[in-house]
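Step one of this worksheet: look at the structure below.
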Amino acid sequence: MSLRIDVAVAPWTDYELLDSGNFAKLERFGRQVLWRPEPQAVWTPSLAPAEWSKLADAHFSRSKQNPESGDWALKPGTPSQWPLTYDLRGRQLTLGLERTAFKHLGAFPEQASNWEWIVDQIAVTGPDTKVLNLFAYTGGASLAARSAGADTTHVDSVRKVVDWGRRNMEASGLDGIRWVVEDAATFVRREVKRGKTYHGILLDPPAYGRGPDGEKWVLEEQIDDLLRDCATLLVPGGFLALNLYSMGLSAVVAHTLINQHFKRQPELLELAVADPHGKILPLGTVARLGANQ
C-alpha cells in the first residue's frame, strides 16, 4: 500500500505570508503585519532583517523563563484588536483578532482549506447535517459549517475562547451555533451514552491541554480513545477531519488511527501557506474522510 500526502494552500485576500525563515514568519493580517516565531521555517529569509523590522507592526519574542509564552513589541498606534475577513463561497466570515501571550491571534489562515472542504461535505450530506467541532477554539470551522446550513455544536474547554467564537459568529451575521464549555473527551463520552450521532466531526486537538475542571489532555495518550468514541458518534458515510499540529506525530499516525477506528482510508494533506518568494510553509497535517467516501 502507498500513501499520498498532498499540500493544500488556500489563498486569502485579507491575509498574506510576506516572508519566512530563521525560525520566524512575517505575516499580514488585514492591515497589521506581525513577526512571530515559526519552528518549521528552517530556511533563510528572502528579505533582510531590516526590511522585517520596517514592515512589522508587532514582534513577538518568547520568554526565557517560559518558552510557551512571551511578549509583543509594538509600534506606536498599533491596535490591540482588529477584524480579519474571509470570503467563503460568497459568505463573508469575520474573525476578531487580538495578540495573546502565546503568540496566537485567534485565526489560523492555513485552516481555510478545511473551511472550503467542510462546505463541500455539507453539500453532500444535506440540509439536516449535524456537525460536531471539538477543540474548536475561536470557531473558524464552526462558522464554516454553520454558514453552509449545518446544525453545529462547538466544544472547547476554555470559556474565554468560546465567548470569542460567539463574537465571531455574530460579526459574521450568523446565529444558532450550540456553544459548549467542556473537556472534549468528556463531552464525546457523554454523547455516546446519550446515543447521539453526527454527520460530520471536526477535531483540532492540541498536544497538551486542561479541561474546565482540571481534566488533563495529552494527545499521544488520549487520541486513540477519543477517535474510538468519535467512530461511534459518526453516522455511516459521515465526514471527519483530524488536524495534527504536534511535530512529533506524522500524517501516517493519523492515517493508521482513522483506518483502524473508521475502517476507511483518509485523504492526507499538509496545510500550508505560500510566500511571494516561492517558499511554502507547512503549518499542520490533516487527515480527512469525505462524506459517503
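The values are calculated or read from the model by the stated rules, or taken from the named source; none is laboratory data. If you're wondering where the values come from, they're calculated on a predicted model, not measured in any experiment. Heads up, the Cβs are rebuilt from the backbone with ideal geometry, glycines too, and the neighbour counts pull from every protein chain shown. Areas reflect the complete protein model, heavy atoms only, side chains present, ligands, DNA and RNA absent. Shrake-Rupley method; radii C 1.70, N 1.55, O 1.52, S 1.80 Å.
Couple of notes before you dig in:
- All positions within the stretch 73-102 that are under 30 Å from ASP175 (Cα atoms), surrounded by 12 or more Cβ atoms within 10 Å (Cβ to Cβ) and of a type in the set (Ser, Thr, Tyr): THR85, TYR86, THR94, THR100
- Of all positions in the stretch 91-114, none carries a residue that is over 24 Å from TRP217 (Cα atoms), in contact with an Asp or Glu (Cβ under 6 Å, 6 or more places away or on another chain), modelled with pLDDT of 95 or more and of a type in the set (Ser, Thr, Tyr).
- When the residues of the stretch 62-72 are filtered to those that are in a strand (DSSP E or B) and open to solvent by less than 60 Å² (accessible area, probe 1.4 Å), the one that is modelled with the lowest pLDDT is GLY70.
- Evaluating GLN293 against the criteria (1) among the polar types (S, T, N, Q); (2) touching a residue at least 60 places away in the same chain (Cβ under 8 Å); (3) assigned to a loop (DSSP other than H, G, I, E, B) leaves one unmet condition, (2).
- Residues of the stretch 29-44 satisfying the condition of being more than 23 Å from TYR245 (Cα to Cα) and either over 19 Å from the mean Cα position of the chain (by Cα) or without any contact (Cβ under 8 Å) to a residue 24 or more places away in the chain (or both): ARG31, GLN32, VAL33
- The set of residues from the stretch 127-151 being under 15 Å from THR197 (Cα atoms) and over 16 Å from the mean Cα position of the chain (by Cα) comprises ASP128, THR129, LYS130, ALA150, ASP151.
- In the stretch 17-36, the residues that are assigned to a strand (DSSP E or B), open to solvent by 20 Å² or more (accessible area, probe 1.4 Å) and not hydrophobic (A, V, I, L, M, F, W, C): ARG28, GLN32
- Consider the stretch 231-242 and keep the residues that are of a type in the set (A, V, I, L, M, F, W, C) and in contact (Cβ under 8 Å) with a residue 60 or more places away in the chain. The one that is farthest from TRP117 (Cα to Cα) is LEU233.
- Breaking point among (1) more than 29 Å from ALA123 (Cα to Cα); (2) open to solvent by less than 40 Å² (accessible area, probe 1.4 Å); (3) in a helix (DSSP H, G or I), for ASP225: (2)
- Scanning the stretch 149-159 for residues that are in contact (Cβ under 8 Å) with a residue 40 or more places away in the chain, among the small types (Gly, Ala, Ser) and more than 11 Å from VAL180 (Cβ to Cβ) turns up just one, ALA150.
- TRP217 satisfies every condition listed in (1) within 19 Å of ASP128 (Cα to Cα); (2) among the aromatic types (Phe, Trp, Tyr); (3) surrounded by 20 or more Cβ atoms within 10 Å (Cβ to Cβ) except (1).
- Cβ-Cβ contacts under 7 Å between residues 6 or more apart (or on different chains), taken from a first residue in the stretch 184-210 that is surrounded by fewer than 21 Cβ atoms within 10 Å (Cβ to Cβ) and of a type in the set (Val, Ile, Thr) to a second residue that is at pLDDT below 95 and not in a strand (DSSP E or B), are listed as THR186/GLY211; THR186/GLU215.
- Inside the stretch 235-267, residues that are crowded, with 20+ Cβ neighbours inside 10 Å, hydrophobic (A, V, I, L, M, F, W, C) and assigned to a strand (DSSP E or B) make up a count of 5.
- Only listed residue being within 25 Å of VAL7 (Cβ to Cβ) and assigned to a helix (DSSP H, G or I), chosen from ALA107, ALA145, ALA136: ALA145
- For the stretch 153-178, a residue qualifies if it is open to solvent by less than 50 Å² (accessible area, probe 1.4 Å) and either of a type in the set (Asp, Glu) or within 17 Å of the chain's Cα centre (by Cα) (or both), and the qualifying residues are THR153, HIS154, VAL155, ASP156, SER157, VAL161, VAL162, TRP164, GLY165, ASN168, MET169.
Matching residues to (1) over 20 Å from GLY139 (Cα atoms); (2) modelled with pLDDT of 95 or more; (3) hydrophobic (A, V, I, L, M, F, W, C):
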residue	(1), (2), (3)
VAL188	no, yes, yes
GLU191	yes, yes, no
ARG194	yes, yes, no
ASP213	yes, no, no
THR232	yes, yes, no
VAL235	yes, yes, yes
